Each structure stands twice: as structure tokens, then as C-alpha cells.
Amino acid sequence: MPVHRLNHAVLYVRDVERSVTFYQQALGFRVVMGMPGAAFLQAPASNNDHDLGLFQIGPQAGESQAGRATVGLYHLAWEVETLDDLESIAAKLSELGSLVGASDHSTTKALYAKDPDGIEFEVSWLVPAHLITEETLAGRSSIKPLDIAREKERYGAGTRGGVGISIAAG
């Protein structure tokens, strides 16, 4: 049976309440269930039982060494529906001091941020399959700085993204 998609992610964090507050403010997540030392959150437009689980391990926890000294997860990527949504989240992440990068991967437009524990995540808008051209596909071999205003002019501020599709079918 082939896997269809990622249903949820679970993170170990130092302080679950601090992390809940961050994900609520930064991405609009809402708590669907909580208990001492744990919380389960759902993304605003999701119909999943939960999209993110958080488990508290305490303030003594060290920094993740994944990618530097150990194997481990690099980041999670959340999709947004429109470039207006991406721009709004970019502003919120900047306001929170969390935004660490913004890249144009040609078929995807991505923001990179870190949560209060330094766990990196991505928020991206995917070019809809019907708008992907040969030029767009050729551009995937290089990463450029993201210019959201330019992308809004090119694709439209309210154009619904590819929703899991980052390359043309066929």
C-alpha cells in the first residue's frame, strides 16, 4: 500500500505552553487536545485530527545537533493556499523574530523559520501544475531569493497554490 501523505508531525519541545503559543501566533494553529506536558494542534484549514503534536521534555534539553553532529529531521514544510497567505505569514514570522530565510525554488516559494526551541520549519506556496512551464522546471536547479511582490504580479495574489503538486503531471 503506497503512502499518500504525511498526516502529522510530533516534536519534543522544552516548554509545551511556549510552543503552543508560538504555533498559534505564527501559523494560526489551534489546540484540539491537551494534557499536562503535551498538546495536539490543528492547522486552520485542516481536517486532520491533529497536524502537530508537542511533547514537553523540560528546560534542560540541549540543542538539536541534527545535520551538524547527528542524523535527524531537517525541517517540516507547511503549505499555504495563496501568495497573500505566504506574505501574511512572512510578516508575522518577521514580527516574532522567527524568519530565517526566504527562497524561490521555481516551482515552490518558501519561507524558513525557527520555533522557540530552534526547530526549523518551512512555509511554502506551490506553483499550480497548470502554471508550470518549461522555464519554471528549468529554474529548479538554482535557488534564488524570494520576492513575494514579484511572484504575486506573476501568478496573482489570490491564486490557489498547487496543494501538494510541485511539478506538472505527465
Just the residues that are surrounded by fewer than 18 Cβ atoms within 10 Å (Cβ to Cβ), of a type in the set (Val, Ile, Thr), touching a Leu at 6+ places or on another chain (Cβ under 9 Å) and under 24 Å from Glu95 (Cα atoms), please, taken from the range 1-39.
Val31
Tabulated pairs, the range 118-145, first within 28 Å of Glu63 (Cα to Cα), second part of a helix (DSSP H, G or I), C-beta under 7 angstrom, 6+ apart or interchain
Val123/Leu86; Val123/Ile89
Pick out the one residue from Asp85, Asp115, Asp104 that is within 15 Å of Val13 (Cβ to Cβ) and of a type in the set (Asp, Glu).
Asp115
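Hey, among Thr159, Thr108, Thr70, Thr136, which residue is closer than 25 Å to Ser46 by Cα and out of contact with any strand residue (DSSP E or B) (no Cβ under 7 Å at 6 or more places or on another chain)? Spell out how you get there, then give the answer.
Working: Thr108 fails: out of contact with any strand residue (DSSP E or B) (no Cβ under 7 Å at 6 or more places or on another chain); Thr70 fails: closer than 25 Å to Ser46 by Cα; Thr136 fails: closer than 25 Å to Ser46 by Cα.
Step by step, each of Thr159, Thr108, Thr70, Thr136 is checked, and only Thr159 is closer than 25 Å to Ser46 by Cα and out of contact with any strand residue (DSSP E or B) (no Cβ under 7 Å at 6 or more places or on another chain).
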Failed item, numbered, when His50 is tested on (1) over 16 Å from the mean Cα position of the chain (by Cα); (2) crowded, with 16+ Cβ neighbours inside 10 Å; (3) more than 29 Å from Asp147 (Cα to Cα); (4) not hydrophobic (A, V, I, L, M, F, W, C)
(1)
Given the conditions (1) within 22 Å of Gln24 (Cα to Cα); (2) modelled with pLDDT under 95; (3) not polar (S, T, N, Q), report the number of the one that Asp85 does not fulfil.
(2)
Selection from the range 98-150 of residues of a type in the set (A, V, I, L, M, F, W, C), surrounded by 13 or more Cβ atoms within 10 Å (Cβ to Cβ) and either more than 19 Å from the chain's Cα centre (by Cα) or at positive phi (or both) yields Ala129, Leu131, Ile132, Leu137
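Answer yes or no as to whether Ala169 is over 14 Å from Ala102 (Cβ atoms), at pLDDT below 85, not in a helix (DSSP H, G or I) and not assigned by TED's automatic domain parsing to the domain that holds Gln24. Explain how you work it out, then say what you get.
Values: over 14 Å from Ala102 (Cβ atoms): yes; at pLDDT below 85: yes; not in a helix (DSSP H, G or I): yes; not assigned by TED's automatic domain parsing to the domain that holds Gln24: yes.
Taking the combined requirement at face value, the residue satisfies it.
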Complete set of residues in the range 57-101 that are touching a residue at least 60 places away in the same chain (Cβ under 8 Å) and of a type in the set (Gly, Ala, Ser):
Ser98
Residue match in the range 101-110 (condition: of a type in the set (Lys, Arg), closer than 21 Å to Gly162 by Cα and in contact with a Leu (Cβ under 6 Å, 6 or more places away or on another chain)):
yes
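The values are calculated or read from the model by the stated rules, or taken from the named source; none is laboratory data. As the structure is a computational prediction, the values presented were derived from the model and not from experiment. Don't worry about glycine lacking a Cβ; one is built from the backbone with ideal geometry, like all the others, and counts go over all protein chains shown.
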